[in-house]
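S.K.: Take a look at this one; I'll ask things after.
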Amino acid sequence: QVFLPNPVESSGSAAGLADNNDADSPALNAQLKNVQLLGLDGTGKLAGQYVAINSKARTKSSTLTFNYTRSDNQFEDVMAYYHIDTLQRYIQSLGFTNINNRSITANVNTYKQDNSFYSPTKKDLTFGSGGVDDAEDAGVIAHEYGHSIQDNQVPGFGDSLEGGSMGEGFGDYLGATYEDAVTGDGFGHACVAEWDSTSYSSSNPPCLRRLDENKVYPRDVAGEVHADGEIWSQPLYELAGAIGRDAATKIILQSHWSLTPNATFNDGARAIKQADQQLNGGRNAKTIDAVFKARGLSTN
Ligand SMILES: [Zn+2]
């Protein structure tokens, strides 16, 4: 059982939901959903085709049944397994069998900070246990998996302020569109990681970041990749709103192969327009021009 994508978004409210030092509550338990774990290797561990969990909890079940509540460290192992596996299957459903098609290691609750990251040297993911355990929120899991996707497509991606910002923006795009796809795009629109952010956000709903801040380049450049990532995530998210998540994600993933590690925002916008030309004969060119132009970016 897992949160799908997180208890704030699935319940439609953050009211009454709090970390409370990793404690269970009836309201949080009510948000647990049963899912099927695919691709398991049969050893009883949470290891399989697209993800292998390395964790503090060393979760193992001889019956391949993994039902825990959030107060158990095993719960986050199940979350990381399920959501990473689901995202890789989604990428393959779009027709790509050559994007991060491997069993990635996810280190879960091995790091005490309220932070998570992808390591380009180890090629693995780490989910911290500070605040709300990061792997209790599929928005955070998808965001970090986004970094591994880009590094797999363009080794060393994000080696500049704008490249790094596109990395953060793409992760937020992947997280927000995954959350929307799971629950229907209503509560939590344009907001990523509603549950994880209850520890540090006072907005309603709480958000790690938003995808509708209307930041404009270069006026709103802050020089920090997560903040500047909001310049990039918004046009991607609007593209998905206009042409659908599947079509948008396919174009965006295709575009990454045209980028270099230190690509600029405008390189990225151009690559997206070119990818649409390549995949769809340029059917979405006007929409692509418009979403980037609104952010001060050019596809020419
Ligand atoms: Zn990130």
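S.K.: Here are the criteria: (1) charged (D, E, K, R); (2) over 13 Å from Ala52 (Cα atoms); (3) more than 15 Å from the ligand (Cβ to nearest atom). Tell me which single one Arg102 does not satisfy.
M.R.: Tallying (1) charged (D, E, K, R); (2) over 13 Å from Ala52 (Cα atoms); (3) more than 15 Å from the ligand (Cβ to nearest atom), Arg102 fails exactly one: (2).
S.K.: Taking the stretch 137-172 on its own, how many of its residues are over 30 Å from Lys33 (Cα atoms), outside any helix (DSSP H, G or I) and not polar (S, T, N, Q)?
M.R.: Summing the residues that are over 30 Å from Lys33 (Cα atoms), outside any helix (DSSP H, G or I) and not polar (S, T, N, Q) in the stretch 137-172 gives 6.
S.K.: Go through the stretch 140-164 residue by residue and tally those that are more than 10 Å from the ligand (Cβ to nearest atom), touching a residue at least 60 places away in the same chain (Cβ under 8 Å) and either over 19 Å from Asn98 (Cα atoms) or more than 14 Å from the chain's Cα centre (by Cα) (or both).
M.R.: Selection size over the stretch 140-164: 11.
S.K.: When you look at Thr110, is it at pLDDT 95 or above, away from the ligand (no atom under 11 Å from the Cβ) and hydroxyl-bearing (Ser, Thr, Tyr), yes or no?
M.R.: no
S.K.: I'm told Gln92 meets every condition in (1) modelled with pLDDT of 95 or more; (2) surrounded by fewer than 24 Cβ atoms within 10 Å (Cβ to Cβ); (3) in contact with a helix residue (DSSP H, G or I) (Cβ under 8 Å, 6 or more places away or on another chain) except one. Can you identify the failing condition by its number?
M.R.: Answer for Gln92: the failing condition is (3).
S.K.: Might you check whether a residue that is under 14 Å from Val8 (Cβ atoms), of a type in the set (Phe, Trp, Tyr) and touching an Asp or Glu at 6+ places or on another chain (Cβ under 8 Å) occurs anywhere in the stretch 191-207?
M.R.: yes
S.K.: Under the condition of being among the small types (Gly, Ala, Ser) and more than 16 Å from the ligand (Cβ to nearest atom), which residue from the stretch 224-257 is nearest to Arg270 (Cα to Cα)?
M.R.: Ser255
S.K.: Restricted to the stretch 64-88, and to residues that are surrounded by fewer than 14 Cβ atoms within 10 Å (Cβ to Cβ) and touching a residue at least 12 places away in the same chain (Cβ under 8 Å), which residue is nearest to Lys33 (Cα to Cα)?
M.R.: Of everything passing the filter in the stretch 64-88, Asn67 is nearest to Lys33 (Cα to Cα).
S.K.: Taking the condition more than 11 Å from the ligand (Cβ to nearest atom), modelled with pLDDT under 95 and under 23 Å from Thr97 (Cβ atoms), does Phe187 pass?
M.R.: Criteria not met by Phe187.
S.K.: Could I ask something else about it? Checking the condition within 11 Å of the ligand (Cβ to nearest atom), crowded, with 16+ Cβ neighbours inside 10 Å and in a strand (DSSP E or B), which residue from Phe127, Phe117 passes?
M.R.: Phe117
The values are calculated or read from the model by the stated rules, or taken from the named source; none is laboratory data. What you see is a predicted model, and the numbers here were worked out from it, not measured in a lab. Reconstructed Cβ throughout: ideal geometry from the backbone, glycine too, with neighbour counts over all protein chains shown.
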